[in-house]
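Structure record follows, encoded as structure tokens.
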Amino acid sequence: MTRKAQHSIMEYILLTFFIMVVIIAIIFFLTGWQISQTQLEQEKTKMDRAFWLAKSFLSSQYFVKDNSMFDDAKLTAASDLRCEELEKVFGYEWFAEVTLLGDFTETWSFCKRNKNYTAYTVPVNIYKVTEEKVYLGTLKVGVYY
Amino acid sequence: MISIYQVFKIIFGLIVSAVMLSFLVQYSGIYGGTQADVNRGLILKNFMKTAQDVYMTGNPTNFTDFSRLEFDLTFRGMSDPPVIKSNTGFVPDTPVRIPLFFYPGRKIFIDRNYLDYGFWKFYFVEAVPEMIVIFTPMVVSDDGLMEDIVRLFPSTTYFTPKVKFGFCYEDELIGPCDTEFCERDEFRNKLREQGLLFSFPECTASLSEKYRPVTISNSCSLISQGICIEPPNTDGIGYAYLSGSRYLYKDPIDLVALIIGGEEEDMFGTPLGETLYKYKNRVFRERLLLASKIFSRRAILLSPGSECESDYTNFASALNSIQGTLSESDYYTDPYSVRDLLDELNQAESHYDTLVGKGCEYII
């Protein structure tokens, strides 16, 4: 009789234990899923920011003649400025690089640092004011992490 | 008769059930709260993304997601970077990277507007809930000032929530569009067609939060409700009064910032109108400084050998003067600095117009 009772008690304890294990597993799964979603969201935020910066550069009065057409004189003037002056307007932890493709390559860099980054590269037009000609180039905009 | 074993089973079952239940209730509470915070963060992020898209494209839109959850938002325009802070739950601050005049609400209308200085345009985004701006022009000659202010508010035609305009005559609110309050463009048309035929007495109507009373008077000392504006002097500078404080204005956006923010105070007791006014002058300074530095260097680069050499030199010189005036971050509180700035902006615009006229520069 005592043995049977002990056996039944053990059964109950085991059952409880398994239920707790299942509940804790569900909790771990939900928390893990939540964390992975948050990490994914952070990654997406970085990509969104890089994309937004690229769009900003392509339409910013500080750099362009028309939408998606850079003004080389504005680029030269802006590339002389300290990064902090651009960061006040465009935010922190980013860089941009405009490269004119042609017989000889010309590059304008903004806030370049030796750090890991996520970046977009898009083809752009570059207007050379003195020559009154439009050249093909690329814009690379990235966000550091 | 119940055996001891059955009694044990009941007690054990009760204890285990209670422990599990309390654990589950606690966890679901924490999980539910976390989930709500995650959703709040996503809604705030989507709001900023929408505002940035409006800033980029100029296409207006409305944003209604704030009505999906409980929000208590504060706009901190003077922090670095400016942020929108949620006072509900644990939501990270959302950085604001565009000039944004934001007043919290459940349904928001977002539109872009700008001030044109010829060589540079100051673009900004207004994100506002339903709002009715009520004017009390106690000076007959100043419908021009009203027109300047109204022009910089968003046009909500075909959208909700609405931003509308009307008048207050003593304790009566007057809707000038067939007894209804007008939308922006209708109100401007009314002002243009009819003008102001007589001056209004002080507004004594009791107004709820969605109203923004704006009094235009030569003497604001006795006006206690809303914002009171003294007409500008010949330099285009004047003073506005809000919640007992005086603010120097030099352009209609200073006034629009004060009106959108209004009298409501944040947790530090600062009227939101004051926060938006200071924020406007901060972003305006940062952006104008950058523009003047880039454009003056560019003018110096292009000047040698150009047929517009002297005009480029004059343009660069006006832009350098702007940099000098803006060197103090509180330039907007000093009437002499503000007068110099307006003068320098006019000079820069005029030199740029000359450059465009001679074919040396393009229209921005």
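Coordinate-derived values only; no laboratory data. All figures in this text were calculated on a predicted structure; none of them were measured in a lab. Backbone-built Cβ (ideal geometry, glycine too); neighbour counts: all protein chains shown.
Directionally averaged projected area (segment B:183-304, Cα convex hull): 11.3 nm². Stokes-Einstein diffusion for chain B, with the hydrodynamic radius set to the Kirkwood value over Cα pairs and evaluated at 37 °C in a medium of 0.692 mPa s, equals 141 µm²/s. Going by the alpha-carbon gyration tensor, a ≥ b ≥ c the square roots of its eigenvalues, is segment B:173-232 rounded (a/c under 1.5) or, if a/c is not under 1.5, prolate (a/b greater than b/c) versus oblate? Oblate.
Fewest neighbouring Cβ atoms within 10 Å first, the residues B:C177, B:C220 line up as B:C177, B:C220.
With only the Cα atoms considered, segment B:66-172 has a convex hull volume of 163 Å³ per residue. Using the Cα atoms as the points, what is the convex hull volume per residue of segment B:141-199 in Å³? In segment B:141-199, the Cα hull volume divided by residue count equals 90 Å³. Considering only Cα atoms, the convex hull volume of segment B:280-364 works out to 80 Å³ per residue. Each listed q (0.24 Å⁻¹) maps to a log10 I(q)/I(0) for segment B:270-310, found by the Debye formula over equal Cα scatterers with no solvent: -0.76.
With the charge dipole of segment B:225-351 set up from +1 on Lys and Arg Cβ and -1 on Asp and Glu Cβ about the Cα centre, the Cα lying farthest toward the positive end among the listed residues B:G273, B:P304, B:L289 is that of B:P304. When B:E361, B:E147, A:E132, B:E172 are sorted by how many other C-beta atoms sit within 10 angstrom of their C-beta, beginning with the fewest, the order is A:E132, B:E172, B:E147, B:E361. Dividing the helix sum by the residues of the protein assembly as shown, where each DSSP H run of 4 or more adds -39500 (n - 2.57), gives a mean residue ellipticity at 222 nm of -16000 deg cm²/dmol. Listed by chain and number, the lysines whose alpha-carbon sits under 25 Å from that of A:K46, ignoring those within fewer than 8 places in the same chain, are A:K55, A:K88, A:K112, A:K115, A:K140, B:K45, B:K49, B:K85. Binning the C-alpha pair distances of segment A:79-145 at 5 Å intervals from 0 yields a P(r) profile of 4, 16, 24, 23, 18, 11, 4, 1 %, listed from the shortest bin outward. A simple charge model with +1 on the Cβ of Lys and Arg, -1 on the Cβ of Asp and Glu and nothing else charged puts the dipole of segment B:76-136 at about 140 debye relative to its Cα centre. Counted residue by residue at 0.36 nm each, then reduced by the alpha carbon distance between them, the extension gain from B:C177 to B:A205 reaches 8.1 nm.
With respect to chain B, whose longest principal axis is taken over its alpha-carbon atoms, helix B:184-194 is tilted by about 40°. Classified by the C-alpha gyration tensor, segment B:1-142 has a prolate form. Its axis ratio a/c, with a ≥ b ≥ c, is 1.5 or above, and a/b is larger than b/c.
Tell me, what is a quarter of the convex hull surface for the C-alpha atoms of chain A, in nm² with one decimal? Dividing the Cα hull surface by four gives the mean projection, 13.3 nm². For segment B:1-101, relative contact order (Cα pairs under 8 Å, six or more residues apart, normalised by length) works out to 20 percent. Pick out the long, greasy-scoring helices in chain A: whole DSSP H runs spanning 18 Å or more along their own axis by Cα, mean Kyte-Doolittle at least 0.0. In chain A, the long hydrophobic H runs are A:2-59. The share of Cα pairs per 20 Å bin across the protein assembly as shown, counted from zero up to the longest distance, runs 19, 43, 24, 9, 4, 0 percent. With neighbours defined as other Cβ atoms within 10 Å of a residue's Cβ, the residues A:K65, B:K162, A:K74 order from fewest to most as B:K162, A:K65, A:K74. Overall, the protein assembly as shown carries a charge dipole of about 2700 debye about its Cα centre when +1 sits on the Cβ of Lys and Arg and -1 on the Cβ of Asp and Glu, all other atoms neutral.
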